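Student: What follows is a single structure, and I will ask about it in a moment.
Quick note: the coordinates plus some simple rules give every number you see, no bench work behind them. As the structure is a computational prediction, the values presented were derived from the model and not from experiment. Don't worry about glycine lacking a Cβ; one is built from the backbone with ideal geometry, like all the others, and counts go over all protein chains shown.
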Amino acid sequence: MCALYKNSKHHIPDNNGANNPVSVEMIEFNPAWQFEDKKTGVFYKNGIIPGKLFITFLGGNIQLDNAKTALEILEQMFKSEVLSNCEYIRIADYSKVISAPFSTRILYANTLNRLNNEYNCKPLITYISGASLLLKTMLRLFATYVKQQFIFVPTVQNALSLINANPNYSIAERDQSITISQQEIDHFASLCGQILFNETFTFDEKLNGVSPENPLHNLYTIISLLNSDLKELQKTEKEQKQLIEESLEDARLLNSRLSVEKKNVEEKEQIQQILIKNLDKARIEAEIATQAKSEFLSNISHEIITPLHAVIGMTDLLCTTQLNNEQKSYTDIIQISSTHLHQLLNNILDFSKNESEQLEHKTSLFDIRTLFNDISSLLIEDALKKNLLLTFTIPSSIPSALSGYPAYLQKALTNLVQNAIKFSNKGEIIVSTELVTETSDEIDLRFSVKDSGIGIPIEKQKLVFQKFTQLDASATRKEGGTGLGLAIAKQLIEFMEGELNLISQEHEGSEFWFILSFIKPQKTDATISNTYSQKEKWPSNPHHLNSTTLPSNTRVLLVEDNIINQRVATAMLSKLGCKVDIAVNGIEAIDHLKQNTYALVIMDLQMPLMGGIEATKEIRKKATGTINPDIPVIAMTANATPQDKKNCMNAGMNDFISKPVIMTILQELLQKWVQ
């Protein structure tokens, strides 16, 4: 190796081309290029004369983790381009190195080769100082791999001296002949066989080697090093094999767990599908049950209202006749009882409709002051009968025109006021509203119904909103009812996105209150629809008709298939001054309208052969041949749902009156439509 550099000069020229001696003081030791692990004692320190010299001091038991950190620093040093595009002299001091495993040496060699190629540089010659005999042997094995020429010297100073002196190196020592015996050859071959074929064999230089004076000492040292590296590789291989087996076992266990989980998921999915099917089945059954309940309630209400219509209608007619005191007492009892029966029926139907989610989600414009007036006119007589003062208050700052659910608001407030009247025997009932918040588009109002009645004990206040609940369930209770009024009010208020609250103390009265939001219309029509204001009870004097008379010879066509309903309606209409013709179905009605002139048609909906909806559509057609296709047609039926009303209007009917019919309401309707 040294013969190659026998006549070469290794000292470093300066910028002027002159050859100047090299010293440690000329070398830059950048702090960023140094590494030291005080815990293990491993260090790796680098110094540079840019483009000329690279020196490294290293020491300790250099394991793989420390080597990786040291080589990261080495890479940063090369990135600073202090050795780019040059041939440099390398000095490495191994005087403090204890050991370096095979994996560490391979990693260092690969990294140094890569960096030299990447930055277009290479060491012209490498001086190794302070290396033990074993390290020298190890480095000789790597000389070709790292593409470097090694010169071994005792110290760094010796290396610098050689660089500065440029001596002629003698190679005589390397070329001298040696003599070995056949026994030594056989012993060496036997040792190699042990290393190759006996996995448990460990080379011990003291036991298996020879003295340093023996010509084969270097070979035995190389054998020792190779044996150590081989053991390390075998150990690494076993560890990797064990890791692979453990990973495979983990993979098998994971796969087994995944199979179990997959099976569980599949079972859960099957259960979920069964649950979904059961839920769908339950939902369908619930819908069928709800539909059946609605149909039952609708049918039963129709069947109840038909005779009730006769009772109420005939009682109204009876009240218009001359009665003595005893007879009048009897008719008053009949009238009050039938009124309560009708209210009971309406409450049950309303509650059922609300529970079945049949409430309409369509808002409309209304006048809040008119709504208060309607509630007042509806309930004022009930309050006066108990000597109660019924007061309605509304601030002038609250706009009259609002958009919301007026029918549901009126029903909720009506139920709350009726409840207050029922449980108050003296004092005043105040229905009020006040402003909570207001913007340009919306307004929030607080509604309150406050009474001076019996009050509600705190422990029973939660019960009042439950359906079919009376706080006094004894047989001696004073007030009757189904216990649905507050439950219906609560349903309607919650539908309007409010919450019904109660403030009450026993013997000190109660206040029911809630807050609702309304839209403020930007442009208010001068005429606001008040179709929500439909009277739900009858005045105490139903025979007290107003003095307005109808045109003489007012002829009305009554289309009704039920004989009792025919008699009741005919009697009422006759009492109001009308001449009545009767048709039992839509076909007969059309025949009458083709032959006669009528001021009005009162049309039932459910009839054989042709019902009221179909008949009205035919009447409106000019091709049908009726004398007056635009004649007012008024629906009269026990079916009074919003959908029924909508169907009637869509068919071309002009108005709607629900059974049981009250004479005063019938009179108002005739005055409205008879010209």
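Student: For a test of the definition: using alpha carbon positions, the gyration tensor, and the 1.5 limit on a/c, classify region 554-673 as rounded, prolate or oblate.
Tutor: Taking the square roots of the gyration eigenvalues as a ≥ b ≥ c, region 554-673 is rounded.
Student: Fully extended, how many nm does the chain gain between K575 and E249 (0.36 nm per residue separation, minus their Cα-Cα distance)?
Tutor: That works out to 107.3 nm of additional length.
Student: Something else about it: From the square roots a ≥ b ≥ c of the eigenvalues of the alpha-carbon gyration tensor of region 386-458, which class results: rounded (a/c under 1.5), prolate (a/b over b/c), or oblate?
Tutor: prolate
Student: If you don't mind, there's one more thing I want to ask. Between R555 and L463, what is the FRET efficiency for a Förster distance of 45 Å, r being their Cβ-Cβ separation, to the nearest 0.05?
Tutor: 0.20
Student: Rounded, prolate or oblate: which fits region 359-519 when a ≥ b ≥ c are the square roots of the eigenvalues of the alpha-carbon gyration tensor, with rounded for a/c under 1.5 and prolate only if a/b beats b/c?
Tutor: Judged from the Cα gyration tensor, region 359-519 comes out prolate (a/c at least 1.5, a/b above b/c).
Student: What FRET efficiency, computed as 1/(1 + (r/R0)^6) with R0 = 35 Å and r the Cβ-Cβ distance, is obtained for K235 and L133, rounded to the nearest 0.05?
Tutor: For K235 and L133, the calculated efficiency is 0.90.
Student: Let me ask something additional. So, in nm, how far is label Q270 from label E75 when the simple model puts each one 7 Å beyond its Cα toward the Cβ?
Tutor: According to this spin-label approximation, the distance is 5.4 nm.
Student: Describe numerically, in nm with one decimal, the distance between label points set 7 Å from Cα along Cα→Cβ at K68 and at E381.
Tutor: It is 9.8 nm.
Student: What FRET efficiency comes out for I503 versus I288 if R0 is 56 angstrom and r is the Cβ-Cβ distance? Round to the nearest 0.05.
Tutor: Efficiency at R0 = 56 Å is approximately 0.85.
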